[in-house]
């Protein structure tokens, strides 16, 4: 039960990582405390590697939040944690991505990393500290891991940078990113911004890299105390004879495939080449060729396919390095052809299809009320979202057959990145009180579908008439490393992502970056290479925005006719009870009469949504009938509802009627009211007197319309004695 521990002060808060007391049967277990936050990170790897020679690494990472960590009960009927929340899945990705490239290349034993949040202090963010905890667990285990790795959150507010600020609901930052890295290089970046420059973003990333150095040193110090014995590599002798045979058989076929620009045609040629290779290898085995393990033909064929993929990767990279030419014939900086279609769905509130090369996204906008907001209730977040973006990736988009299932981590991650990118241009609730949902349906995919989603979403917002001020576009950058040389690719294809060394996505407007995400497969990325990639991404982004502006450069002047008509008004807080009525009777009567949706907030804000303008107008009038107060000197359009000898009664709105005395109908004498007015007439009247008790008098005389009634003396309330005196004198 001896505990081994290392502690530091990080950003004015105590941080410690300890092992040896809890979860001792795991290959590595870290009890990490960060202020009042407690994280348990464990790692376990299978003791034997798969029997095949495949280089796939079966790593799973799960971040799990326990509601007891914040002294709360889980929501729902079962009152226990069940399906992971979106935030937990996104955090799992955040931990996975910087750790995955740091494992030894030869290691492919099934490995599981579990990170449990056991105690939550909102002043100490558990999500970014989970990267450090998981890395420390790997460092003290027997698993071959080229760490350490650590992460932190970097934000900027009012020009001031902060590291790992408290999680405060509704806090606004113009830079909010997570940075992960090792001692020498940056390994991962993800976050959002409010149209900041490339220099500011680079500076923020550098600050994050500097900040994590003590966390890295702490892990090394703990590992030195443990001094774990790492697993030794089982060196497998390569079948050089088979490798040479594969190169001889497939060299020309692969070269031909790489000169074919269409993705499906290229894949068909590669499949044909692979089938032809398998036939030749099988024939050679029967002839008694000098391959290894010929008594196990299936194993030999698997090795042949692996050599085929290795040679394909080499050929693609060699073509870029030596010829400055990519698979689809472009040079390193060119952007694929762009086409845009607007308003493709006649009944939606806004739609656009953005196509870039063989990547195509259908963006669809839906507008709703406050009741349509998404309620987020997790251990670390309790809020309502009035803007959301959902990303769908059906199998037909890549020409495959697959089971349909709920969105996975990839879909959630891509949707979250696109949502962050567009958040910067969404108008504030005060200016545009709608709830906004964007759905991206990926129709085709060959690289950077998340950034195509940014573009289609921006276009669909403008097509819907949402008052966004500018376009946001996204681009994915790739990287090929050859020794000390780095080749940066703009607008990468799917194969370039798969066979390359980096996937670097940057989204933004003409005025700056709004979202960023970087994942690398090499051990780290030098600062100067990242700066070059960011500048090259800006050039590509400007080109894409230019194409988008050709299709639509500003929002439609009016909302799409299919969108609900929304009106926001303010009533006196004291009138809320009058509008709602006993048991909600009044507001239900309005909804039943018009079919509109009505929301009332505690500050007196009333939001009304209706299917069309006449319904909206009728609903507004009914709401006012319960809430409006007659104002002295204000002109109203009323309806004559009753005629007497002494005047007419005019209803301004339902339940609110005033007296129009016969002497106030015209400047000239009127003998009979019926000579001028009839029941049902609509007349403009001005309020000339408001009596105590709510009764009021009206006038139609032009001279009364010219008066400033706000300066007229108000009638005084008669005293009880005066009223009594009059009654007495009458008697």
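We did not get these values from a lab; they are worked out from the coordinates using the rules stated. Quick caveat, the model's predicted, so the values are computed rather than measured. Backbone-built Cβ (ideal geometry, glycine too); neighbour counts: all protein chains shown.
Taking the centroid of alpha carbons for each part, the range 259-302 and the range 360-374 are 48 Å apart.
When you count the other C-beta atoms within 10 angstrom of each residue and take the mean per peptide, 181-194, 14-27, 549-562 line up highest first as 181-194, 14-27, 549-562. From most to least packed by mean Cβ count within 10 Å, the peptides 430-436, 91-97 give 91-97, 430-436. Relative to the longest principal axis of the Cα atoms of the chain, helix 449-464 runs at roughly 20 degrees.
How far is helix 263-287 tilted off the main Cα axis of the chain, in degrees rounded to 10, range 0 to 90? It works out to around 30 degrees.
Semi-axes of the equivalent ellipsoid for the range 75-169, computed as √(5λ) from the eigenvalues of its C-alpha gyration tensor and ordered from largest down, come to 26, 21, 11 Å. Fully extending the segment from residue 283 to residue 235 would add 14.4 nm, taking 0.36 nm per residue of separation and subtracting the current Cα-Cα distance. Taken as Cα centroids, the range 167-227 and the range 488-510 sit 21 Å apart, rounded to the nearest whole angstrom. Normalised by residue count, the range 360-487 yields a Cα convex hull volume of 166 Å³ per residue.
Taken as Cα centroids, the range 597-644 and the range 420-453 sit 35 Å apart, rounded to the nearest whole angstrom. Among the listed values [x] 1.17; [y] 1.14; [z] 1.00, the one matching Rg/Rh (Cα atoms, Kirkwood Rh) as calculated from this structure is [y].
Scoring 289-299, 509-519 by mean Cβ neighbours within 10 Å over their residues and listing the highest first yields 509-519, 289-299.
Which of the three applies to the range 565-627, rounded, prolate or oblate, going by the alpha-carbon gyration tensor with a ≥ b ≥ c and a/c under 1.5 meaning rounded?
Numbers: a/c = 1.97, a/b = 1.35, b/c = 1.45.
Oblate.
Against the chain, whose longest principal axis comes from its Cα atoms, helix 297-323 is set at around 70 degrees. Debye sum, Cα scatterers, the range 325-377, no solvent: what log₁₀ I/I(0) at q = 0.20, 0.21, 0.23 1/Å? Per q value, in the given order, log10 I(q)/I(0) is -0.79, -0.82, -0.89.
Per-residue ellipticity at 222 nm, computed for the chain from helices alone with -39500 (n - 2.57) per DSSP H run of at least four residues, works out to -10500 deg cm²/dmol.
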